[in-house]
1. (1) within 15 Å of the ligand (Cβ to nearest atom); (2) within 23 Å of residue 27 (Cβ to Cβ); (3) surrounded by 13 or more Cβ atoms within 10 Å (Cβ to Cβ): which one isn't true of residue 74, the others all being true?
2. Only one of these conditions is not met by residue 58: (1) within 16 Å of the ligand (Cβ to nearest atom); (2) free of Cβ contacts under 8 Å to residues at least 60 places away in the same chain; (3) surrounded by 18 or more Cβ atoms within 10 Å (Cβ to Cβ); (4) farther than 19 Å from residue 133 by Cβ. Which number is it?
3. I'd like the full set of residues that are buried (at least 17 other Cβ atoms within 10 Å of the Cβ), out of contact with any strand residue (DSSP E or B) (no Cβ under 6 Å at 6 or more places or on another chain) and without any contact (Cβ under 8 Å) to a residue 60 or more places away in the chain, limited to the stretch 80-99.
4. Take the stretch 116-137 and flag every residue that is within 14 Å of the ligand (Cβ to nearest atom), in contact (Cβ under 8 Å) with a residue 12 or more places away in the chain and either within 12 Å of the chain's Cα centre (by Cα) or not in a strand (DSSP E or B) (or both).
5. When only residues in the stretch 101-124 that are out of contact with any strand residue (DSSP E or B) (no Cβ under 7 Å at 6 or more places or on another chain) and at pLDDT 95 or above count, which is surrounded by the most Cβ atoms within 10 Å (Cβ to Cβ)?
Ligand SMILES: [Zn+2]
C-alpha cells in the first residue's frame, strides 16, 4: 500500500477490474500521482471526513490503454489523475447527497452525476491542481 493522504492510498486509484482482465499495468506517471494527491487533499479527504470510509473510488487513474478499454473520452481527466468516479453501490440518494456536498462546500473542476444504460449511478469529480477550476456542474439526472 502506498499512502497518499491520511485516508487514501494510491492503489485505490489504480485498481481496475478491466486492467486486470486485460493485463494492463495502469502505472501512474509521476505527474498523475501529483494530481491524484491534489484531488485527495482538496476534494476526497474532506468528503471522507464528512461522510466516512464508505466513500470509495470506482475508477481513478487510467493509463491510455485502460481509458480506451473502458471507452473513456480521449481527453478524459482520468488520464491525468485529475478525476475519480465515486461508487454509490446502487444508492442514488447517497450520490445526490455527495453531489450536493461537493457542489456547495468544495473546490472542483468538474462535477458530474453520471449513469449508464444499466441504471448504475456514480459521481465523477475532478480537480485541477495546475490551472483554473471551472466549478462546472453537470447533473445527468435531468436528462
Ligand atoms: Zn469519471
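1. It fails just one condition, (3).
2. Among (1) within 16 Å of the ligand (Cβ to nearest atom); (2) free of Cβ contacts under 8 Å to residues at least 60 places away in the same chain; (3) surrounded by 18 or more Cβ atoms within 10 Å (Cβ to Cβ); (4) farther than 19 Å from residue 133 by Cβ, the lone unmet condition for residue 58 is (2).
3. Within the stretch 80-99, 80, 94 qualify.
4. 120, 122, 123, 124, 125, 126, 127
5. 106
The values are calculated or read from the model by the stated rules, or taken from the named source; none is laboratory data. The model shown is predicted, which means the values in this text are computed figures rather than measured ones. Cβ sites come from the backbone with ideal geometry, for glycine too, and all protein chains shown count toward neighbours.
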